[in-house]
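Inspection log for the structure reproduced underneath, given as structure tokens.
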Amino acid sequence: MIFQKYMTRLIGKMIPIYGVVARITLEKIANKTGQPYLLYNFEVVSQLSADEAVRAKGFGQGFKEIIAVSESVQAVAEAAVEAA
């Protein structure tokens, strides 16, 4: 819910998520029964220039590709272990 509100604010200003530097903080709070937990908060620290945003988007795409390859390698490794 908190992330959705953060994204709604960005969308309302027509700013892509890769177009800002964000600060993510944790706040220790307690529920009604006193059980402590952490609540995360998102805050825009600064907006990137158009050039910086393009580079950030490219970095994110590259990172997604690395994660996808890593997950594929892990799946193959797990399949090999199961077959053995």
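None of the figures in this text is laboratory data; all of them are computed from the coordinates on show. Since the model is a prediction, treat every value here as computed from it, not as a measurement. Ideal geometry is used to build each Cβ from the backbone, glycine not excepted, and the neighbour counts take in all protein chains shown.
Only Cα sites of the chain enter the Debye sum here, all with the same form factor; the resulting log10 I(q)/I(0) across q = 0.16, 0.21, 0.27 1/Å is -0.82, -0.98, -1.23, listed in q order. The trypsin sites (Lys or Arg not before Pro) of segment 23-84 meeting both criteria, a DSSP state outside H, G, I, E and B (loop) and at most 16 other C-beta atoms within 10 angstrom of the site's C-beta, are 32.
In this structure, the amide hydrogen of residue 20, modeled 1.01 Å from its nitrogen in the peptide plane, lies closer than 5 angstrom to those of 48, counting only residues at least 5 positions away or on a different chain.
Stretched out straight at 0.36 nm per residue, the stretch from residue 44 to residue 17 would grow longer than its current Cα-Cα span by 8.7 nm.
When you restrict to C-alpha pairs under 8 Å that are six or more residues apart and normalise by the size of the chain, the relative contact order lands at 26 percent.
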